[in-house]
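Input: a single structure, listed below in structure tokens.
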Amino acid sequence: MWPYPKVIAHRGGGTLAPENTLAAMRCGWEHGFAAVEFDVMLSKDGVPVLMHDPEFGRTVAGSGRVADILAVDLQAMDAGKWFSALFVGEHVPLYADVVRFCRQHGIWMNVEIKPTPGAEKETGRVVAEQTQALFADVAVVDALHLPLFSSFSFSALMAAKYAAPTIPRGFLMDKITADWKARLQELAARALHTNHKYLTPEQVREVKNAGYGVFCYTVNSQERAAEILHWGVDAFCTDRLDLIPADF
Ligand code: G3P
Ligand code: MG
């Protein structure tokens, strides 16, 4: 049901490094995390890059939309300075480069497809096609060596399913709604990814009994992690790599 690691580093290195950068992936790995979650968006020319926000201003200085900028120009943008002077010069990475790094270091990936508004289907399709190509050497049954897609966008995940049916999917729901099972069935998803803040033990039981894995974001204390694992949650991502060890 959930063949993947239990504790996953959120956005690479959680609070310890600038999110969605190669430095963040390195940071997670150095803290012993062999599993990572990160966000993938398309550039203007349709190249998958790591990025959370559709607009500049928080992790990358400036204003305007990420989707209006070419990949070559995104790659030249500083994504580390906002975090600390130690990370000045850390650039927006290409998804392909992050996959290469993770595969070299044996890090399992939860690839969150993060479309800019209006680009849902295209983002799902392109990320799925590139992922298929990047993992063409991995057998379909070798789950641990394949990434798991997730997205809040149902249509992005459906497009990913169509383009790369053998790459597994998890559906992200902030709050679990009544149609959760129908959605998971249509996606042929492996897991439900949800906000632990709204989750109840009954919901965990129901989703698990239906044969799906349950993944929670973003759990930042050992007490809460222990509680939801006791409920039967399979895995969670955390920002607090300093508080929750990878082998928790
Ligand atoms: O995939 C779990 C989590 O990352 C979802 O929310 O906004 O942190 O990408 P967000
Ligand atoms: Mg995310």
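Got at least one residue in segment 143-151 being open to solvent by less than 60 Å² (accessible area, probe 1.4 Å) and modelled with pLDDT under 95? Outline the logic, then answer.
Within segment 143-151, the first condition is being open to solvent by less than 60 Å² (accessible area, probe 1.4 Å), and the residues that meet it are 143, 146-151.
Keeping just the survivors that are modelled with pLDDT under 95 gives 143.
Yes: segment 143-151 contains one or more residues that are open to solvent by less than 60 Å² (accessible area, probe 1.4 Å) and modelled with pLDDT under 95.
Within segment 10-34, how many residues turn out to be out of contact with any Leu (no Cβ under 6 Å at 6 or more places or on another chain) and within 12 Å of ligand 1 (Cβ to nearest atom)? Before the answer, list the steps.
As a first pass, look at segment 10-34 and keep what is out of contact with any Leu (no Cβ under 6 Å at 6 or more places or on another chain): 10-13, 15, 17-19, 21-26, 28-30, 32-34.
Now restrict to residues that are within 12 Å of ligand 1 (Cβ to nearest atom): 10-12, 19.
Going through segment 10-34 one residue at a time, the tally reaches 4.
Looking for something farther than 27 Å from residue 193 by Cβ, in a strand (DSSP E or B) and in contact with a strand residue (DSSP E or B) (Cβ under 7 Å, 6 or more places away or on another chain) - is there at least one such residue anywhere in segment 57-69?
So in segment 57-69, the residues farther than 27 Å from residue 193 by Cβ come out as 61-64, 68-69.
Those still in the list that are in a strand (DSSP E or B) too: none.
No: zero hits.
For segment 204-221, state whether one or more residues are within 21 Å of residue 246 (Cα to Cα), open to solvent by 10 Å² or more (accessible area, probe 1.4 Å) and over 15 Å from the mean Cα position of the chain (by Cα).
Going through segment 204-221, the residues within 21 Å of residue 246 (Cα to Cα) turn out to be 213-221.
Within this subset, residues satisfying the condition of being open to solvent by 10 Å² or more (accessible area, probe 1.4 Å) are 217-218, 220-221.
From the residues that got through so far, the ones that are over 15 Å from the mean Cα position of the chain (by Cα) too are 220-221.
For segment 204-221, residues within 21 Å of residue 246 (Cα to Cα), open to solvent by 10 Å² or more (accessible area, probe 1.4 Å) and over 15 Å from the mean Cα position of the chain (by Cα): present.
Within the group 24, 17, 79, which residue is within 14 Å of ligand 2 (Cβ to nearest atom), small (Gly, Ala, Ser), modelled with pLDDT of 95 or more and buried (at least 18 other Cβ atoms within 10 Å of the Cβ)?
Values: 17 fails: within 14 Å of ligand 2 (Cβ to nearest atom); 79 fails: within 14 Å of ligand 2 (Cβ to nearest atom).
Of 24, 17, 79, the one residue that is within 14 Å of ligand 2 (Cβ to nearest atom), small (Gly, Ala, Ser), modelled with pLDDT of 95 or more and buried (at least 18 other Cβ atoms within 10 Å of the Cβ) is 24.
Looking at 188, 139, which one is open to solvent by 40 Å² or more (accessible area, probe 1.4 Å) and touching a strand residue (DSSP E or B) at 6+ places or on another chain (Cβ under 9 Å)? Give the steps one after another, and end with the answer.
Numbers: 139 fails: touching a strand residue (DSSP E or B) at 6+ places or on another chain (Cβ under 9 Å).
Being open to solvent by 40 Å² or more (accessible area, probe 1.4 Å) and touching a strand residue (DSSP E or B) at 6+ places or on another chain (Cβ under 9 Å) holds for just one of 188, 139, which is 188.
Here are the criteria: (1) in a loop (DSSP other than H, G, I, E, B); (2) open to solvent by 60 Å² or more (accessible area, probe 1.4 Å); (3) more than 23 Å from residue 174 (Cβ to Cβ). Tell me which single one residue 29 does not satisfy.
Residue 29 satisfies all of (1) in a loop (DSSP other than H, G, I, E, B); (2) open to solvent by 60 Å² or more (accessible area, probe 1.4 Å); (3) more than 23 Å from residue 174 (Cβ to Cβ) except (1).
Applying the selection to segment 158-171, what residues are more than 14 Å from ligand 2 (Cβ to nearest atom) and either touching a strand residue (DSSP E or B) at 6+ places or on another chain (Cβ under 7 Å) or modelled with pLDDT under 95 (or both)? Lay out the reasoning, then the answer.
Of segment 158-171, the ones more than 14 Å from ligand 2 (Cβ to nearest atom) are 158-169.
Selection gives 160, 161, 167, 168, 169.
Restricting the first residue to segment 108-129 and requiring it to be touching a residue at least 24 places away in the same chain (Cβ under 8 Å), which pairs with a second residue that is of a type in the set (S, T, N, Q) and more than 16 Å from ligand 1 (Cβ to nearest atom) meet a Cβ separation below 6 Å and a spacing of at least six or different chains?
Between residues of segment 108-129 that are touching a residue at least 24 places away in the same chain (Cβ under 8 Å) and residues that are of a type in the set (S, T, N, Q) and more than 16 Å from ligand 1 (Cβ to nearest atom), the close pairs are 120/155; 121/155.
Quick check on segment 224-248: of everything there that is of a type outside the set (Phe, Trp, Tyr) and open to solvent by less than 20 Å² (accessible area, probe 1.4 Å), which residue is nearest to residue 32 (Cα to Cα)?
At the first step, the residues of segment 224-248 found to be of a type outside the set (Phe, Trp, Tyr) are 224-230, 232-235, 237-247.
Pick out the ones that are also open to solvent by less than 20 Å² (accessible area, probe 1.4 Å) and you get 225, 228, 233, 235, 237-238, 241, 244.
Values: 225: 18, 228: 22, 233: 22, 235: 16, 237: 14, 238: 13, 241: 9, 244: 11 Å.
If we take residues in segment 224-248 being of a type outside the set (Phe, Trp, Tyr) and open to solvent by less than 20 Å² (accessible area, probe 1.4 Å), then 241 is nearest to residue 32 (Cα to Cα).
Which of (1) among the hydrophobic types (A, V, I, L, M, F, W, C); (2) farther than 27 Å from residue 147 by Cα; (3) touching a residue at least 12 places away in the same chain (Cβ under 8 Å) does residue 86 not meet, given it meets every other one?
(3)
For segment 26-44, which positions are more than 13 Å from residue 92 (Cβ to Cβ) and under 15 Å from the mean Cα position of the chain (by Cα)?
28, 33, 34, 35, 36, 37 - these are the residues of segment 26-44 that are more than 13 Å from residue 92 (Cβ to Cβ) and under 15 Å from the mean Cα position of the chain (by Cα).
Looking at 39, 45, can you tell me which residue is closer than 24 Å to residue 191 by Cα, acidic (Asp, Glu) and either surrounded by fewer than 21 Cβ atoms within 10 Å (Cβ to Cβ) or within 12 Å of ligand 1 (Cβ to nearest atom) (or both)? Break it down into steps so the answer makes sense when it comes.
Details: 45 fails: closer than 24 Å to residue 191 by Cα.
Exactly one residue qualifies, and that residue is 39.
Tell me, please, whether a residue that is within 16 Å of ligand 1 (Cβ to nearest atom), open to solvent by less than 30 Å² (accessible area, probe 1.4 Å) and either more than 14 Å from the chain's Cα centre (by Cα) or at pLDDT below 95 (or both) can be found in segment 95-115.
no
Could you tell me which of the residues 187, 199 is free of Cβ contacts under 8 Å to residues at least 40 places away in the same chain, over 25 Å from residue 41 (Cβ atoms) and among the aliphatic types (A, V, I, L, M)?
Numbers: 187 fails: over 25 Å from residue 41 (Cβ atoms).
Of 187, 199, the one residue that is free of Cβ contacts under 8 Å to residues at least 40 places away in the same chain, over 25 Å from residue 41 (Cβ atoms) and among the aliphatic types (A, V, I, L, M) is 199.
The values are calculated or read from the model by the stated rules, or taken from the named source; none is laboratory data. Not measured: the values here are computed from a predicted model. Using ideal geometry, Cβ is built from the backbone for each residue, glycine included, and neighbour counts are taken over all protein chains shown. Heads up: the accessible areas ignore ligands, DNA and RNA and are worked out on the full protein's heavy atoms, side chains in. Shrake-Rupley method; radii C 1.70, N 1.55, O 1.52, S 1.80 Å.
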